[in-house]
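Structure first, commentary second.
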Amino acid sequence: DPKLSIDHLVYVVPDLSQAMDDLEQMTGIRPAMGGRHVKLGTHNAFLGLGGGSFLELFAPDPEAEVPLQELIGVDGPKPRLSTYCCDAGAIGLDALVERFKRQQQTEGDDDSSPSSQLLPTSVESGSRTNEADGRLISWRIAVDKHSVPSE
């Protein structure tokens with residue numbers, strides 16, 4: 001039976017540069033700069049955790065030309081572990097979301113059911129240009145009905 005696995009942890013911080021400096025001082029390892037999410041008003045950096053998993057530092061971008069979007073807690077208290085992201089792997093993202101949708105229908109999709117608050121209801125695509133090499137980075141993400149679409 002295919003299983004989900006942790007892809008990465010998302011740690012929201014008020015200042016990305018300061019968080020990168022602090023993490024380097026604590027661990028001796030400097031996180032790699034990720035990039036800017038122009039439509040979201042955020043930027044990020046990454047630190048490998050081993051086994052293919054990583055820590056994502058996620059922060060408001062002080063140079064953003066758009067208002068900060070409400071996304072994975074970046075608009076809330078900081079610093080804090082905001083969320084985690086799973087790799088659907090062999091299950092497949094579309095099949096996983098369909099399974100969750102069926103579960104929500106069984107429970108009755110009102111906002112009081114646990115699945116209506118926790119489980120994704122659609123799959124969206126996102127992308128951004130890697131600032132270092134100009135390469136397009138793209139992803140697909142399962143989002144719940146309360147989420148703000150990814151960039």
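The values are calculated or read from the model by the stated rules, or taken from the named source; none is laboratory data. The structure presented is a predicted model; accordingly, all values stated were derived computationally and were not measured. Cβ atoms come from the backbone with ideal geometry, glycine included; neighbour counts cover every protein chain shown. Areas reflect the complete protein model, heavy atoms only, side chains present, ligands, DNA and RNA absent. Shrake-Rupley method; radii C 1.70, N 1.55, O 1.52, S 1.80 Å.
If we only count strands (runs of 3 or more DSSP E) wholly inside the stretch 1-79, which ones have 1 or more residues that are over 30 Å from residue 99 (Cβ atoms)? I'd like the intermediate steps shown before the answer.
Values: elements: 5-12, 32-37, 42-50, 53-60.
Here the list reads 32-37, 42-50, 53-60.
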Counting only residues that are more than 11 Å from residue 39 (Cβ to Cβ) and either exposed (fewer than 11 other Cβ atoms within 10 Å of the Cβ) or touching a His at 6+ places or on another chain (Cβ under 7 Å) (or both), the stretch 63-82 contains a total of 3
If residue 43 satisfies every condition in (1) of a type outside the set (A, V, I, L, M); (2) surrounded by 13 or more Cβ atoms within 10 Å (Cβ to Cβ); (3) under 23 Å from residue 123 (Cβ atoms) but one, which is the exception?
(3)
From the list 134, 108, exactly one residue is open to solvent by less than 70 Å² (accessible area, probe 1.4 Å), more than 23 Å from residue 4 (Cβ to Cβ) and at pLDDT below 75. Which is it?
108
